[in-house]
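Reviewing the structure listed below.
Nothing in this text is a laboratory measurement; each read-out follows from the coordinates by a stated rule. Remember, predicted model here, so these are calculated numbers, not experimental data. Methodologically, a virtual Cβ is constructed for each residue, glycine included, from the backbone with ideal geometry; neighbour enumeration extends over all protein chains shown.
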Amino acid sequence: MARKYLIETFGCQMNVHDSERMAGLLEQAGFEATEDAVDADVVVINTCSVRERAEEKLYTRLGELALIKAEHGRGPIVAVAGCVAQQEGEAILRRSRGIADVIVGTQAIRRLPMLVEQAAGKKGTGIFSRRASGESIRVPLIDLDPYEDVTFPLGVTRRSDPVKAYVTIIEGCNEFCSFCVVPYTRGHERMRPKADILAEVHEAVAGGRREVQLLGQIVNHYRAPDDPGCDFTGLLEAVHDVPGLERIRFASPHPRHFSDRFLNAMAGLPKICRHLHLPVQSGSTRVLEAMRRRYTRESYLDLIGRIRATVPDVALSTDMIVGFPGETGADFEETLSLTAAVRFHSMFSFKYSPRPNTLADLRLADDVHEGEKTRRIVALQALQRSIQTELNETLVGGEVEVLVDGASRRRDTEISGRTSQNVVVNLPGPAEWIGRLVGVRVERAGPYSVWGLRTDGFDFAPGGA
Ligand code: SF4
């Protein structure tokens with residue numbers, strides 16, 4: 001009987017995609033997926049350290065797995081992967097009382113099956129390592145090494161989404177924003193060869209995916225290592241030419257790296273979705289400087305003007321942090337006024353909490369009181385909610401094109417999808433419509449999604465996104 005694996009993922013799209021890659025690697029090594037940790041021979045917890053809560057989830061989950069091991073007298077091999085694994089390493093063992101068998105860093109995931117096999121071998125013999133005294137001790141398998149190679153074997157990734165495919169174009173980041181752990185956990189910026197990216201897009205389309213999402217910490221910094229002169233715009237043009245592909249998304253561009261060439265290409269290439277996730281983090285130039293973002297409030301607003309002048313139907317979303325060290329009431333008012341001025345379609349907003357070893361953690365006092373951080377985030381989220389409700393209400397009565405990508409979260413009888421602008425649309429319909437582009441007349445709108453009915457007639461023709 002085949003051995004079973006379970007992967008649990010916390011965090012961002014990049015983590016979700018790493019989990020897809022690890023699932024493929026484990027299947028290649030002969031494991032089968034299971035949904036139940038009790039049945040699993042291997043449980044991988046793929047962690048995120050961008051937010052504190054994700055770390056807490058890891059330790060809660062490790063405690064639950066310890067209980068399974070205690071209750072059943074045997075338990076799965078437990079592997080911890082992702083940014084917390086990279087950052088904390090052996091400290092995870094101490095904090096979780098040694099429940100983890102394998103710790104695999106963000107750049108070492110290709111070594112996961114080998115580490116799991118080694119852990120399984122050790123468990124089988126019951127001898128993990130011997131001290132000179134002859135006493136057996138348990139030595140976990142840890143690989144946190146930096147690996148430069150960003151290639152990944154074609155056809156191995158086990159994609160979890162039947163409609164959309166994540167494709168990595170850049171790993172790591174060199175920006176060192178003062179609040180961010182990514183340059184420490186994912187390493188320095190490494191570009192993936194254009195040929196690899198295109199091969200993966202072709203493969204995803206051949207496997208039935210209609211949309212690709214190109215992933216990188218700063219996608220618009222892309223330079224093809226195997227095609228001198230090919231930048232992110234050139235890559236988008238090449239991906240756009242892939243037959244059968246309907247939609248292209250990417251996350252995230254950085255406000256510092258927008259060229260007119262890119263904006264003109266976006267305007268002229270119909271498969272590129274009319275949505276830009278453009279993290280701003282604060283509306284105050286003073287705070288942006290402390291964050292080491294290397295742009296100002298004014299230059300960001302100027303960029304928004306350029307984007308809207310070139311791609312008028314674009315929807316914008318962003319990330320925002322409140323309560324960054326030194327953020328005054330006046331700084332926060334600038335965050336509110338920037339939010340009101342830009343009118344983002346959606347926003348991920350966070351209360352600042354120091355991430356270990358970042359510049360902000362080491363050099364700046366976390367001096368905004370927790371109660372004040374809460375007051376600020378409540379005010380920001382209320383403003384954002386009213387803006388996105390208004391924006392969604394403008395769709396009522398009109399028709400939108402939707403790529404149906406799954407069942408609705410709310411009701412069994414509904415399916416859902418997204419417009420090119422990334423608005424979530426719920427509609428009644430059968431699961432057979434998943435993967436189709438359909439026309440929907442919007443009947444009503446809420447802050448996070450709209451609801452509508454499919455227009456009579458036809459699916460949009462392939463290629464007509
Ligand atoms: Fe982190 Fe800044 Fe790099 Fe984004 S650009 S991943 S926030 S360091």
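Some observations on this one:
- Length-normalised contact order for the chain - Cα pairs under 8 Å, 6+ apart - percent: 10
- DSSP bridge pairs, the chain: antiparallel proportion in percent, nearest 5: 35
- When the alpha-carbon atoms of region 130-246 are used, the pair Rg, Dmax equals 18.6, 65 angstrom.
- Region 139-223: chymotrypsin sites (Phe, Trp or Tyr not before Pro) falling in loop per DSSP and having at most 15 other Cβ within 10 Å: Phe176
- Projection of the Cα convex hull of region 194-316, averaged over all directions and equal to a quarter of that hull's surface, yields 7.7 nm².
- Mean-position separation - Cα centroids, region 276-293 and region 168-210, in angstrom: 23
- Legend: P(r) of the chain from all alpha carbon pair distances, 20 Å bins from 0, whole percents, reading 22, 54, 22, 1.
- Spatially near lysine pairs across the chain, Cα under 25 Å, sequence gap of 8 or more or different chains: 13
- Computed over the Cα atoms of region 283-344, the ratio of the radius of gyration to the Kirkwood radius (Rg/Rh) comes to 0.99.
- Where no second cysteine Cβ lies under 4.7 Å, the cysteines concerned in the chain: Cys12, Cys48, Cys83, Cys173, Cys230, Cys273
- Estimated 222 nm signal from helices in the chain, with DSSP H stretches of n ≥ 4 weighted -39500 (n - 2.57), rounded to 500: -10500 deg cm²/dmol
- Cα-based convex hull, region 227-280, per residue volume (Å³, whole number): 87
- Two-decimal log10 I(q)/I(0) for region 33-86, as the Debye equation yields it once each C-alpha is a single scatterer, q = 0.17, 0.25 Å⁻¹: -0.53, -0.97
- Under DSSP loop assignment and at most 15 Cβ neighbours within 10 Å, longest GluC sites (Glu not before Pro)-free interval of the chain: 149-465
- Computed magnitude of the charge dipole of the chain (debye, nearest 20; Cβ of K, R +1, Cβ of D, E -1): 560
- Pairs of alpha carbons in region 151-203 whose separation is greater than 17 Å (percent): 48
- Our note on the geometry: Cα centres of region 328-346 and region 11-42, 40 Å apart.
- Computed over region 1-119, the range of Cα coordinates on each principal axis works out to 39, 30, 24 Å, biggest value leading.
- Placing +1 on the Cβ of every Lys and Arg and -1 on the Cβ of every Asp and Glu, with no other charges, gives region 210-266 a dipole of roughly 240 debye about its Cα centre.
- When you filter the trypsin sites (Lys or Arg not before Pro) in region 382-447 for DSSP loop state and at most 14 other Cβ atoms inside 10 Å of their Cβ, you are left with Arg409, Arg410, Arg411.
- The label-point distance for Ala2 and Glu432, in a model that sets each label 7 Å from Cα toward Cβ, rounds to 2.9 nm.
- Taking the convex hull of Cα positions in region 316-417, its mean projected area over all directions (nm²): 9.2
- With R₀ fixed at 22 Å, the C-beta to C-beta distance from Glu56 to Asn174 puts the FRET efficiency at about 0.15.
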